[in-house]
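Step one of this worksheet: look at the structure below.
The values are calculated or read from the model by the stated rules, or taken from the named source; none is laboratory data. Just so it is clear, the structure is predicted and the values come from calculations on it, not from any experiment. Here the Cβ positions follow ideal geometry from the backbone for every residue, glycine too, while neighbour counts run over all protein chains shown.
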Amino acid sequence: MSAPDIPLQKAVYAAIVATGAVGDRVYHRVPSNAVQPYCQIGDDVIGADYAAAEMSACNVTVNIVAKSKPEAKTVAASVRSALDTFIEVEGFMTCEAAFETANYFTDADGVTARGVVTFEYLLQPL
């Protein structure tokens with residue numbers, strides 16, 4: 001069975017950039033001079049395959065860094081609209097797509113706002 005890791009990451013990246021919410025400031029590794037707001041495609045978890053139908057349960061985390069909580073929440077809403085759907089993942093059929101959680105908090109600096117938005121996909125190779 002083929003692994004969905006890289007195709008899923010590419011699909012998530014493309015979907016977030018297409019929203020225009022953060023321009024092209026969508027990173028896997030955030031540069032030290034990154035301008036806020038931006039998104040970082042965080043850790044993902046690829047779960048066990050389903051024996052009966054070669055599927056993978058995939059959890060995706062998107063981290064948002066912004067200047068305020070309202071800005072983080074606005075970006076998160078765009079990310080949610082883009083990813084809470086059956087996204088096109090090269091070489092796979094998206095069988096299920098679900099928004100899981102959105103969490104917001106302020107960094108220890110008392111200024112930087114963060115959002116963490118999670119999704120789950122069930123993917124089957126084509």
Odd one out for V62, checked against (1) part of a loop (DSSP other than H, G, I, E, B); (2) in contact (Cβ under 8 Å) with a residue 40 or more places away in the chain; (3) not hydroxyl-bearing (S, T, Y):
(1)
Suppose we keep only residues that are surrounded by fewer than 19 Cβ atoms within 10 Å (Cβ to Cβ) and either of a type in the set (G, A, S) or closer than 13 Å to D44 by Cα (or both) within the stretch 1-12. Which one would you say is modelled with the lowest pLDDT?
S2
Would it be correct to say that I87 is among the β-branched types (V, I, T) and either part of a loop (DSSP other than H, G, I, E, B) or touching a residue at least 40 places away in the same chain (Cβ under 8 Å) (or both)?
yes
Of the numbered conditions (1) surrounded by fewer than 16 Cβ atoms within 10 Å (Cβ to Cβ); (2) in contact with a strand residue (DSSP E or B) (Cβ under 6 Å, 6 or more places away or on another chain); (3) under 17 Å from F119 (Cα atoms), V30 satisfies every one except a single condition; which is it?
(3)
Unmet requirement for T118, which otherwise passes all of (1) among the hydroxyl-bearing types (S, T, Y); (2) buried (at least 17 other Cβ atoms within 10 Å of the Cβ); (3) over 28 Å from S2 (Cα atoms):
(3)
